[in-house]
Amino acid sequence: MERTLSIIKPDGVTRGLIGEVIRRLEKNDIRIVGMKMLWMTREQARGFYAVHRERPFFDSLTNFMSSGPVVVMVLEGENVIEKNRTLMGATDPTKAAEGTIRRDFATEIEKNVVHGSDAPETAAFEIGYFFNRFEIVA
Ligand code: CMP
């Protein structure tokens, strides 16, 4: 059993896509074991995306991620990191496969509706960034 962090980004929340994203996760037998809505400060967004701090898109990305509420979720299931990433599609929506969340809804590489951890180590960091153990159901 594996866990991963999923974020419905401010564009997804603003555009009313919370239900659609959750429906796709649940339909694919991914279990939600933690969930909350929050509005990150710029500093919180910069901390979350610290691995990208040298990238040219860092300021823009962290401004966007703190521009409105997000929904953060802990997902659980077999191979859930990869499974969630397959459902999301490629970061760049123009390169995302048909039927994926980003292909269907994302408007650009930055405003790409969802985030998902890319490996077990990043999942552990990202889950711990938002959730304590009492906020994740067994
Ligand atoms: P995410 O999966 O949240 O991880 C990093 C985010 O940076 C990515 O989705 C995009 O929203 C954003 N981003 C903006 N520009 C780029 C880029 N050129 N390459 C990768 N990620 C980018």
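Counting only other residues whose beta carbon sits under 13 Å from that of ASP92, what net charge do I get with K and R as +1, D and E as -1? Mind showing how you got there, number by number?
On the way: positive: LYS95, ARG102, ARG103, LYS111; negative: GLU108, GLU110.
Computed value for this residue: +2.
Which FRET efficiency value, to the nearest 0.05, do you get for PHE134 and GLU110 by plugging their Cβ-Cβ distance into 1/(1 + (r/R0)^6) with R0 = 25 Å?
Details: r = 33 Å, r/R0 = 1.33.
Efficiency, rounded to the nearest 0.05: 0.15.
Around ILE109, with a cut-off of 13 angstrom between Cβ atoms, what is the net charge of the other residues, counting Lys and Arg +1 and Asp and Glu -1? If you can, show how the numbers build up before the last one.
Details: positive: LYS9, ARG55, LYS95, ARG102, ARG103, LYS111; negative: ASP11, ASP92, GLU108, GLU110.
Residues close to ILE109 contribute a combined charge of +2.
Please list the three semi-axes, largest first and in whole Å, of the ellipsoid equivalent to the chain, using sqrt of 5 times the eigenvalues of its alpha carbon gyration tensor. Don't skip to the answer; put the middle values down first.
Details: eigenvalues 82, 69, 40 Å².
Its equivalent ellipsoid spans semi-axes of 20, 19, 14 Å.
Before rounding to the nearest 500, sum -39500 (n - 2.57) across all DSSP H runs of length at least 4 in the chain and divide by the residue total; then give [θ] at 222 nm in deg cm²/dmol.
On the way: 7 runs with 55 residues, N = 138.
Rounded to the nearest 500, it is -10500 deg cm²/dmol.
Can you tell me how much longer the chain between LYS95 and PHE58 gets when fully stretched, taken as 0.36 nm per residue apart minus their C-alpha distance, in nm with one decimal?
Roughly 11.2 nm would be gained on extension.
I need the peptides 47-53, 98-104 ranked by packing, meaning the mean over residues of other C-beta atoms within 10 angstrom, with the highest value on top. All intermediate terms of the calculation are to be shown ahead of the outcome.
Numbers: 47-53: 14.3, 98-104: 16.1.
So the order, starting with the most tightly packed, is 98-104, 47-53.
The numbers here are math on the coordinates, done by the rules we state, and not lab data. What you see is a predicted model; the values in this text were computed from it and never measured. Please note: Cβ atoms are built from the backbone with ideal geometry, for glycine as well, and neighbour counts cover all protein chains shown.
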